[in-house]
1. Of the numbered conditions (1) buried (at least 20 other Cβ atoms within 10 Å of the Cβ); (2) in contact with a Phe, Trp or Tyr (Cβ under 8 Å, 6 or more places away or on another chain), residue 13 fails exactly one; give the number of that condition.
2. Go over the candidates 119, 148, 108 one by one and state the one that is surrounded by fewer than 24 Cβ atoms within 10 Å (Cβ to Cβ), in a strand (DSSP E or B) and of a type in the set (A, V, I, L, M).
3. Any idea which residue in region 243-260 is nearest to residue 228 (Cα to Cα), counting only those that are polar (S, T, N, Q) and without any contact (Cβ under 8 Å) to a residue 12 or more places away in the chain?
4. For a quick check of your reading of the model, give me the residue pairs whose first member lies in region 130-145 and is β-branched (Val, Ile, Thr), whose second is modelled with pLDDT under 95 and outside any strand (DSSP E or B), with beta-carbon atoms closer than 6 Å and at least 6 apart or on different chains.
5. For region 317-330, does any single residue satisfy the condition of being more than 26 Å from residue 127 (Cβ to Cβ), assigned to a helix (DSSP H, G or I) and among the aromatic types (Phe, Trp, Tyr)?
6. When you scan region 45-100, how many residues do you find that are over 18 Å from the mean Cα position of the chain (by Cα) and among the basic types (Lys, Arg)?
7. In the same structural domain as residue 113 (by TED's automatic domain parsing) and not in a strand (DSSP E or B): does that describe residue 97?
8. Check off (1) in contact (Cβ under 8 Å) with a residue 60 or more places away in the chain; (2) outside any helix (DSSP H, G or I); (3) buried (at least 17 other Cβ atoms within 10 Å of the Cβ); (4) not polar (S, T, N, Q) for residue 50 and give me the number that stays unchecked.
Amino acid sequence: MRTAIYGAGSLGTILGAYITKNGGSVELINRNKAHVEALQKSGATVTGTVSFTQSVTAYTPEDMSGKYDVVFLMTKQQQNAEVVNCIKEFLADDGVIVTLQNGIPELLIAEIVGEERVLGCTVAWGATMKEPGVCELTSAPDSLTFSLGSLSKNPNPHLEDVKALLEKMGEVEIDSNFIGSRWSKLLINSAFSGMSAVLGCTFGEAAGNKASRRVVQALIKESIDVCAAGNIRIEPVQGKDIVKLLDYTNRLKKAFSFFIIPIAIRKHALLKASMLQDIEKGKKTEVDAINGVVSSFGRKVGVPTPMNDKVVEIIHRIEDGELNPSFDNLQYFK
């Protein structure tokens, strides 16, 4: 079986390093020539909550050839239509694209390659690119988990192959309610990634400051409410029922939810949102595919989402140079 990680940035490099380290075979593909050259010369160096260096196979998209049975897609979503139309030319007849992206990208990708050739995967850990060839794992080693599922009711022939590859890094759960799992990750990303980008801080710092935590709590509540209105059952994350822990209908439960937020995110306290990393590099973010999805689904089901709307607005203003990521941006949520 031939496998590639397309868009092997921080997350993809670490995943590829783990797979290779534990006996799997995978090719890392990235447009960043400096990163690819560093991987080819010195291997993938993983720092942070773990530390190791692993030789890997890496090259740029221009050097792709032949057919792949499995392609893990880890690029930014803004170019998904273009990227997937390119990748499908390299897919084997029964090949599958496995999305490891934020939001709910499977719907668009299924339109291009067919529902039966798409698997979705939610990732419960984070990473940061430190320099070419060097990536920092910012989540605790015991939080390296995946939820794997499909939009199609027909099992993909490579499902078990994909599961076995991911298990070379961490625990994998096959999820029958995959949309519910996607919303679990979207709930976390819209709240913590959104505020990390708005404030210019880590997840832990967004949860630790009481003023920003109130916004985080409101963002979480909006995701829970739109899912309830849309009859979507949000799946547990790493065994924790986040709706039961964080939803509220009275003052006492709201106070408990507020208290537990920093505890709930403690394993990922050092994580800095990929959106913030994009801002720091002068790139456009995926905010429309994260907080924007909550807002658009809220409009569809008739649930107001003022806090997610505001996150989208602020991040676009940051992208346009009107604002900087800063705790000063909390004033816009009042």
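1. Every listed condition holds for residue 13 apart from (2).
2. 148
3. Of all residues in region 243-260, those polar (S, T, N, Q) come to 249-250, 257.
From what's left, without any contact (Cβ under 8 Å) to a residue 12 or more places away in the chain: 249-250.
On the way: 249: 13, 250: 17 Å.
Checked region 243-260; the qualifying residue nearest to residue 228 (Cα to Cα) is 249.
4. Qualifying pairs under 6 Å: 138/126; 138/270; 138/271; 145/124; 145/238.
5. Within region 317-330, none of the residues are more than 26 Å from residue 127 (Cβ to Cβ), assigned to a helix (DSSP H, G or I) and among the aromatic types (Phe, Trp, Tyr).
6. Final tally of qualifying residues: 2.
7. Judged against the criteria, residue 97 is not a match.
8. All conditions pass for residue 50, except number (3).
The values are calculated or read from the model by the stated rules, or taken from the named source; none is laboratory data. In this text the structure is predicted, and so the values were computed from the model without any measurement. All Cβ positions, glycine included, derive from the backbone under ideal geometry; neighbour counts span all protein chains shown.
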